[in-house]
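Bear in mind these aren't lab numbers, they're just calculated from the coordinates by the rules spelled out. Not measured: the values here are computed from a predicted model. Because the Cβ atoms are built from the backbone with ideal geometry, glycine has one as well, and the counts that use them run over all protein chains shown.
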Amino acid sequence: MISSENGTTGAYVGTGQAKATFSYPRPFLAASATSKAVEGDEAACDPSKINGSSVTPNRTGKDWANADGSLKITRLAPVVDSTHDFASTDVSLDPGYGTAGICTGGSYPSGHTTTAYQAGITLATLLPELAPEILARTSEAGNNRIVLGVHYPLDIMGGRIDGEAALATRWSDAQFRTEVLNPARQELINYLQAQCGDLLAKCIAKDKAYTDNPYGGKAIPGGTSQIVTDRQSAVKVYTERIDYGFTPTHSTTAAPAVPQGAENLLLTAFPTLTDAQRTSVLAQTQVASGNVLDLSGTSNSGSWQRLNLAAATSATVQLNADGSVKVTSVGGEAKVVKAGVPSTPTPEPSSPASPVVPPATNPSATSTGSPSRPGLPSTGV
């Protein structure tokens, strides 16, 4: 299901057509047709055939570019991971600077980031109890494409939007949700509880908080060192990677704009809420408007760019007597509390209450939302 090659969620959206349409040159490409090819890149990345000359004028005089307009990118050499921490065999890790797909494939949007978010959001929605942590790690996968010098921040933002829209469509498909997603959630929870020997909520409570220091404490340009030590910092890091500090291009005070179907991404985190209430949670946790990819006020389709799923899936939601909801905090356990009733540590209903947990159900979840679409191969890189 999650596979980036043929998964019904992991390969649901491809980026090949978009890359060809925008045809934006990769960051590491030579600055002009007369530049000397990097050793090892001669065949696939011949500057006389593929280069970044179309954007070189934008780099002139910038401290992050060389005099010829090429970006100051330190290439990482291929390595082999023989620790077997993540696979039973040795794994070759190669940025692939000199491969044809990287050189000739457009930069926007990032295909690796798209598939990373399709996989990450799948896991986060199947296991909302750990969604903020899963999403923070997902955003790191996209961020690493910038670190390698094969993508720009805007490419990563586009890939995240692809993943959000893809999974919202899958969760909005009632048949797919019933036949695939909900059974997968049950299977995953049963497996984790069998491995832990206890209820999932108790296993999570006694486990160590997710921690991560991906860049050795060094701050990224214009940002922080992005170190995760707990759930709150996971939400903070994820939020930082939503807009990468771009200067707003239009109004930053536009009203919330939640895309249709996005509320279904919260079906497992808040199964007792209605579609309208889940939409409100997304609206209250959105980032401000004004980013270059934000469609607030310009489209009736809402703004995927503003969604903050890490915040939404870690929200404490106050349910008022009139049926409205208010997000009172984020960065904790996803839960719903009634107005005027003190909050208790009782797990949200989406947490297991018995060794075998049925799929989350909700009376409002029969709406199909966005129509189902056939999966497309994820061809982008």
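A few notes on this one:
- Across the chain: Cys residues that no other cysteine approaches within a C-beta distance under 4.7 Å: none
- Of the chymotrypsin sites (Phe, Trp or Tyr not before Pro) in segment 1-68, the ones in a loop by DSSP (not H, G, I, E or B) with at most 16 other beta carbons within 10 Å are Trp64.
- Between Gly223, Ser233, Ser324, the Cα set farthest toward the positive side of the dipole of the chain (charges on each charged residue's Cβ, about the Cα centre) is that of Ser324.
- The chain - charge dipole about Cα centre, Lys and Arg +1 at Cβ, Asp and Glu -1, debye rounded to 20: 620
- Size check on segment 260-334: the Cα extents along the three principal axes, sorted descending, read 35, 23, 21 Å.
- Within segment 1-95, the GluC sites (Glu not before Pro) that combine a DSSP coil assignment with at most 11 other C-beta atoms in a 10 angstrom radius are Glu5, Glu39.
- For segment 129-255, the percent of C-alpha pairs falling in each 10 Å distance bin, counted from 0 to the bin holding the largest distance, reads 10, 31, 32, 21, 4, 0.
- Relative contact order, whole percent, for the chain stands at 20, derived from Cα pairs under 8 Å and 6 or more residues apart.
- Euclidean distance between Cα centres, segment 197-243 to segment 127-190, Å: 16
- Taking each of Lys72/Lys218; Lys62/Lys236; Lys218/Lys335; Lys208/Lys326; Lys218/Lys326 in turn, the alpha-carbon distance tops 27 angstrom for Lys62/Lys236; Lys218/Lys335; Lys208/Lys326; Lys218/Lys326.
- Cβ crowding within 10 Å ranks Cys45, Cys203 as Cys203, Cys45, fewest other Cβ atoms first.
- Normalised by residue count, segment 246-301 yields a Cα convex hull volume of 82 Å³ per residue.
- Segment 51-168 pair-distance distribution - Cα-Cα, 5 Å bins, rounded %: 2, 11, 15, 18, 19, 15, 10, 6, 3, 1
- The residue among Ser92, Leu126, Ala254 whose Cα reaches farthest toward the positive pole of the charge dipole of the chain, with charges on the beta-carbon of Lys, Arg, Asp and Glu, is Ala254.
- GNM top mover of Ile134, Ile204, Ile227 - the chain, alpha-carbon springs below 10 Å: Ile204
- For Val337, the residues 5 or more places off, or on other chains, whose built amide H falls under 5 Å of its own are Val317, Gln318, Leu319.
- The packing ranking, built from the mean of other Cβ atoms within 10 Å per residue, places the peptides 258-264, 240-246 in the order 258-264, 240-246, highest first.
- The chain: calculated mean residue ellipticity at 222 nm from DSSP helix runs of at least 4, using -39500 (n - 2.57): -9500 deg cm²/dmol
- GNM result for the chain, Cα springs below 10 Å: residue of Thr279, Thr125, Thr21 fluctuating most strongly: Thr21
- Kirkwood-type hydrodynamic radius, segment 182-264: 16.6 Å, calculated from all non-identical alpha-carbon pairs.
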